[in-house]
Amino acid sequence: MRREGRLPAAVALGTLFNPLNSSMIAVALIHVEAEFHVGIAAVTWLAAGFYLVGILAPPLMGTLGDRFGPRLVFCCGLVTMAVTGVLAALAPSFPVLLGARLLQAFGSCATMPAGMSIIQAAMPGDDGRPPPRVIATISMVLTASAATGPVLGGVLISLWGWRAIFLVNVPLAVVALVAALRWLPRVRVDGAREATLLPRLSPGLLATCGQFALTNVAFYVAFFAVPLWAQSTAGVPAHLAGLLVLPLAGLGIVMTPVAVWLAARAGMRTVLVAGAALLLGGSCVMAAADSVGPVLVAGAVLGVAAALGQFALNSLVFVHADRRDTGAAVGVFQASRYVGAATASALLGVLFDRAGLGGGGWAMAGASAVVLAGAVLLPVRRPSASDGGRSGP
C-alpha cells in the first residue's frame, strides 16, 4: 500500500469500532435478557449506557489527544477494545457485562477524534479540511460499520451466541493496532498546551453538530426499529432480521464517492440538501411500510442519504473547528452522534409499543424535516475577514 494511503487506512480501521458496536448490540438484547433474566428495562442499558459514554467521552478523548499526542490516545483506545472484548465475552453476570460494555465505549470513543487529529496535522488542506478522498474514506467506514452492525451481529449470534459480538472485537483490534503502530506518525497539534476540555465552539461548528445529531435520530431509529419489527412482528429470525438494513450499508459505501464528485461539481450545499431530502423521503417510506419490500426500499434511500450527509458534515467540522483543538472538535461531533442515538432509543421505546414501525418512521420524518431546513442555512465555508464573517453557499 502506498504511503499516502496507509494513514487513512489505519485511521479507518480504528474508527469502525464505535459505530459497529453501537449498532451490533441491537439484535443481541433479547438473547442477553434470556440468559441473565434481568428484564428488558435493565438489558437496554447495554445500549443506553454506551450512548451516554458516547456523549461524554469523545470531547475528553479528543482533548487528551491534543495535549498528549493523538497517536498514543488512538492506540490506547484499541488496546481497551481488545481487553473489554475478552471481559464482556467471559462475563459471568449482567453487572460484569455492563461494566465491560461501558469501558468498551470509552475505548471506542478514543479513536475517531485522535485519528482525525492525526490526519489534520499530517495531511492539511488549503481550505481548512483534509483531502476530500480521506474524509470520504472515513465516512464510508462510519456509515458502513454502523449499518452492518445488525447484520454482523445477527450472523454471529446465530453461529456462536451473543458473546461472539464482543469477542469479535479482539482480532479486529489487534489488526487495527498493528496498522496504527506501523503507519500512524507521531504528530504535534498546534497549540496543544492551550487545549481545553471543550473546543472553541463557533456557531458553524455547533450547527454542524446539531445537524449530525438530528440525522442520527433518523438513522438509529431505523437501525433499531427494523430488526425489532422483523423479529417481534414479522417473525424473521435474528440472522435475517439484520440483513434488512443491508441496503443501507451497501449504498452508504457505494454512494460516498458520488458525494465527493457532487461536492466538487455542484458544491457542498448541494450535497447537504440532497442528503437531507433523501433522508426525509426514506423516512416517509419507512413510516408507511407494512411489509419487507417497502422496508428494503426505505433502507436503500436512507443509504444514499447516509453517504451524502455523512461526507458533508464530516467535511464541515474541519471548516468550522479551530486547528489548535481539532481532536476536541471532532470529539464533540462524535458525541453528537450519540445525542441522536440516545434520543432515538428513547423515542423508539415509546413509539414502537404504540404504533409499531410506523411510529418510528414518523419520528424519523420529523427529525429529517428539521435537517432539511438546516441544510439550506448551514454555513459551508470558513468565515473570512474580507466578507465580514459571512458564509457563502
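Listed values, structure above:
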item: Close pairs from region 37-61: first under 28 Å from Phe74 (Cβ atoms), partner in a loop (DSSP other than H, G, I, E, B) and not small (Gly, Ala, Ser), Cβ under 7 Å, at least 6 apart; result: Pro59/Leu197; Pro59/Leu198; Leu60/Leu197
item: Some residue of region 13-22 being assigned to a helix (DSSP H, G or I), over 15 Å from the mean Cα position of the chain (by Cα) and either closer than 24 Å to Ser145 by Cα or among the charged types (D, E, K, R) (or both); result: no
item: Residues that are open to solvent by less than 10 Å² (accessible area, probe 1.4 Å) and among the polar types (S, T, N, Q), drawn from region 208-235; result: Thr208, Asn216
item: Hits in region 30-41 (condition: open to solvent by 10 Å² or more (accessible area, probe 1.4 Å), at pLDDT 85 or above and among the aliphatic types (A, V, I, L, M)); result: Ala34, Val38
item: Filter result (under 20 Å from Ser22 (Cβ atoms) and either touching a Phe, Trp or Tyr at 6+ places or on another chain (Cβ under 7 Å) or of a type in the set (Phe, Trp, Tyr) (or both)) within region 58-97; result: Phe74, Thr80, Met81, Gly85, Ala88, Ala89, Phe94
item: Filtered residues of region 356-378 (kept if among the aliphatic types (A, V, I, L, M), surrounded by 24 or more Cβ atoms within 10 Å (Cβ to Cβ), within 14 Å of Val285 (Cα to Cα) and modelled with pLDDT of 80 or more); result: Ala363, Met364
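The values are calculated or read from the model by the stated rules, or taken from the named source; none is laboratory data. Bear in mind the structure is a predicted one, so any value in this text is a computation, not a measurement. Neighbour counts are summed over all protein chains in view; Cβ atoms, including those assigned to glycine, are modelled from backbone coordinates with ideal geometry. Each accessible area value is taken on the protein alone, full model and side chains, heavy atoms only, with ligands, DNA and RNA left out. Shrake-Rupley method; radii C 1.70, N 1.55, O 1.52, S 1.80 Å.
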